[in-house]
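The values are calculated or read from the model by the stated rules, or taken from the named source; none is laboratory data. Remember, predicted model here, so these are calculated numbers, not experimental data. Positions of Cβ are generated from backbone atoms using ideal geometry, with glycine treated the same way; all protein chains shown enter the neighbour counts. Side chains included, ligands, DNA and RNA excluded: accessible areas come from the protein's heavy atoms. Shrake-Rupley method; radii C 1.70, N 1.55, O 1.52, S 1.80 Å.
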Amino acid sequence: MFSAEQSCWFIRKVICWRAAASIAWAVLLLPPSTAIFVILSKFSVLHPIQTISECFSVLTSATAIFSFILLCGVIIMVGFLNFEYYTVIPTIACSKIALFGQLLHPRQLVNSLVHCIMGMIVAWCSAVTIGFRYETLGHPCAQTDGYHQMCLNEYHLILLLGGAFVGFSHSLLGVIHNINYVSFHTVQQYKYLRFKGCLPLVVKCSATQALYSVRNFIVVYYFLGYIPRTWICKTLNLHLGSSAHPLDSIAGLLDLSLLYHLWISATFLLFTWYITLLLFRIFLTEGYSFPVQSSFTEDADHCLPKVLTEKQPMILKFLALQDLALLSQHSPLRRCEVFSLSQPGGHPHNWNAISKECLSMLADLTQRLVAYHDTVATNGRAKSLSSGSERKTSSETSGTEDFMSPRPTALMKTPASVFTRSIAGGQQSPLTAPFTPDLDSPFMSPALRRLAAPVEQGSPWYGTVQSPHIMRRVPKLWSTSTDSQANGSSPPSPASVPSDKQEPSKPSFLAQFLQNRREQVKNFLAKRVLIVYLFNKLPEASSQALFADSQAHIWALEGLSYLVQASFSEDQFGVVQTTLPSILSCMLVLQEAVDRHFKLPHASSKPVRSTSSMGDSTYKTLRFALRATLKTAIYRITTTFGDHLNAVQLSAEHRKRLQQFLEYKE
């Protein structure tokens, strides 16, 4: 674990400066963004020259300058929140209840409240910039006793509430889509080229999400808009203006000009925030070169072998692994430092520290995969055994009946007419609703199975409640009941011959008991379905969470394999040869665990990447990248060493699997 001094060194000298640079660039890009917003909000096809002059006067006014200062403060706050909430390992909710827990976490609630306030500030700046009917919250509407009464400007209010709603939605969607997750690109690019390539995506995501947010806000305001409007009027002592169409009505909300200004304001808000987020990602993931070894003792903790062994902060470990992967491919001089021996003593401390940490990471991932596979396999066996025992019990209880009577080929449901006519009176109550109990269900009690069993003809209960099994023996009752219902006549009771006069009788005690039990079972099943929906683990999410930090393992595999490949010609002292058996064994064991995992359901299905959100979804495909990198790393070693690997001490199983790679059959 990093000490406070070491952590402060890296955070203070690297990460903080990168975050500050991203915020500075976002503030510098704010004036052109604001100018484009003003032009789009005031553009008129019929008067283009007048539009340009109005835009110029608005941008140079004192109100616009004050709004710009507020926007700069919002951008700084957004950059600070990005720095506070960012993560290089995504937080994946494996169930619905886990996602609700993330959304209702106090830390997230504070984040949502801050975004809501910032959204309202940006909306106020937008309203002041647009002007016209959106400029102020109150306006003089009437004169009584020489005094002007102030009325509420609902157009200004709806713009403020829209900004707050967009900010709140942005915070919630950030949790759902892991918008604070920072991924590292495979191909290293200059910051300008990355920004230029991602700019169209930022514009598209801002406009799309703003459109959906405005749609949702219009629906919410239509039903609940009177609440903030009444509260504002009472708090600020404002009166409601006599408008022909209030804005919480269909006619008021179908104002195209209002909808356009809501959408353009929301787009401007999201665009400035997404630009800040994009710049933060670009600056944070820029490569950092760590020294392999240092001549000074005080700088030894800043060297790559020492940094790799530390666990916190995670951004430091990820940047160190990224540097290891890059130096193993493109830096022969730094590779020589890795293969060098210490003086005095002649020990390969650099290589030992690097290889030990990489192998430890790969072994940890292998253990997680094995434990996950064992858990899934154990659950599957227990489930199959329990279902088999239930089927066995069901077959034993109904074996005599199945032997004496044929079973229908399709599952037949008991019609409503059977229950309505089985209980005299003919009037259907909630307790006599048609319901056929599933005798094979694990939630059906033995007492209910006995009560729902077929009733003998000589029994006093025969004809009172018809069993579904008796209905299956006499299929004529089904056709008779169906035909009579189709003809509009009431079907005769299957238990008695229809008579001219039939007195109504109350349902029997057994019938009421059965119906009560059925209602209890139905309520229990409904609650169980809700619990299963909330607490049941999602297979796809569980697999994604298992490989959430696989980017570090990918760099470890690349760094090890490239260093082993380079050691064939650059390792003058043979330091790599001492650990080559453990490297091959570790990779082969991991290969076997990964292959077993991809045979599980939902593990090999590739998720669809979303192009309408700024949330980085690359973590969903990390397991596929790890599998490809692992196979490529083994092939890189086998291709370089060839038949020389036959002299490496390996177990028989590993040698057999390695032979598949040597023969290019894997």
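The table below lists the values:
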{"quantity": "Helices (runs of 4 or more DSSP H) wholly inside the stretch 219-298 that include at least 2 residues being over 21 Å from residue 150 (Cβ atoms)", "calculated": "250-253, 256-284"}
{"quantity": "Residue match in the stretch 573-589 (condition: part of a loop (DSSP other than H, G, I, E, B), farther than 22 Å from residue 358 by Cα and open to solvent by 20 Å² or more (accessible area, probe 1.4 Å))", "calculated": "no"}
{"quantity": "Criterion: out of contact with any Gly (no Cβ under 9 Å at 6 or more places or on another chain) and touching a residue at least 40 places away in the same chain (Cβ under 8 Å) - qualifying residue of 647, 652, 625", "calculated": "625"}
{"quantity": "Residue that is open to solvent by 20 Å² or more (accessible area, probe 1.4 Å), polar (S, T, N, Q) and closer than 29 Å to residue 74 by Cα, where the choices are 257, 249", "calculated": "257"}
{"quantity": "Single match in 289, 294 (criterion: touching a residue at least 12 places away in the same chain (Cβ under 8 Å) and within 30 Å of residue 338 (Cα to Cα))", "calculated": "289"}
{"quantity": "Residue within the stretch 535-551 that is assigned to a loop (DSSP other than H, G, I, E, B) and open to solvent by less than 30 Å² (accessible area, probe 1.4 Å) present", "calculated": "yes"}
{"quantity": "Evaluation of residue 364 against (1) under 34 Å from the mean Cα position of the chain (by Cα); (2) part of a helix (DSSP H, G or I); (3) surrounded by fewer than 16 Cβ atoms within 10 Å (Cβ to Cβ); (4) touching a residue at least 40 places away in the same chain (Cβ under 8 Å) (one fails), failing number", "calculated": "(4)"}
{"quantity": "Residues that are more than 19 Å from the chain's Cα centre (by Cα), surrounded by 16 or more Cβ atoms within 10 Å (Cβ to Cβ) and closer than 30 Å to residue 154 by Cα, drawn from the stretch 173-210", "calculated": "206, 207, 210"}
{"quantity": "Pairs with Cβ under 9 Å, 6+ apart, first in the stretch 570-599 and of a type in the set (Gly, Ala, Ser), second buried (at least 20 other Cβ atoms within 10 Å of the Cβ) and in a loop (DSSP other than H, G, I, E, B)", "calculated": "none"}
{"quantity": "Some residue of the stretch 23-37 being assigned to a helix (DSSP H, G or I), of a type in the set (Ser, Thr, Tyr) and more than 35 Å from the chain's Cα centre (by Cα)", "calculated": "no"}
{"quantity": "Residue count, the stretch 585-626 (criterion: within 30 Å of residue 85 (Cα to Cα), modelled with pLDDT of 80 or more and of a type outside the set (Lys, Arg))", "calculated": "10"}
{"quantity": "Qualifying residues in the stretch 538-558 (those that are of a type in the set (Gly, Ala, Ser) and within 23 Å of residue 325 (Cβ to Cβ)) - the one nearest to the chain's Cα centre (by Cα)", "calculated": "548"}
{"quantity": "Residue that is least open to solvent (accessible area, probe 1.4 Å) [pool: residues in the stretch 297-332 that are of a type in the set (Val, Ile, Thr) and without any contact (Cβ under 8 Å) to a residue 60 or more places away in the chain]", "calculated": "307"}
{"quantity": "Residue ID - farthest from residue 183 (Cα to Cα), chosen from residues in the stretch 628-644 that are surrounded by fewer than 16 Cβ atoms within 10 Å (Cβ to Cβ) and in contact (Cβ under 8 Å) with a residue 12 or more places away in the chain", "calculated": "643"}
{"quantity": "The stretch 41-64 - residue that is under 11 Å from residue 131 (Cβ atoms) and touching a residue at least 24 places away in the same chain (Cβ under 8 Å) and, of those, surrounded by the fewest Cβ atoms within 10 Å (Cβ to Cβ)", "calculated": "63"}
{"quantity": "Members of the stretch 219-253 that are within 18 Å of residue 140 (Cα to Cα), at pLDDT below 85 and out of contact with any strand residue (DSSP E or B) (no Cβ under 9 Å at 6 or more places or on another chain)", "calculated": "243, 244, 246"}
{"quantity": "Some residue of the stretch 100-107 being at pLDDT 90 or above and touching a Phe, Trp or Tyr at 6+ places or on another chain (Cβ under 9 Å)", "calculated": "yes"}
{"quantity": "Leading residue by the ranking (most open to solvent (accessible area, probe 1.4 Å)) among those in the stretch 102-144 that are among the charged types (D, E, K, R) and part of a helix (DSSP H, G or I)", "calculated": "107"}
{"quantity": "Condition met for residue 538 (at pLDDT 50 or above, within 30 Å of residue 635 (Cα to Cα) and not small (Gly, Ala, Ser))", "calculated": "no"}
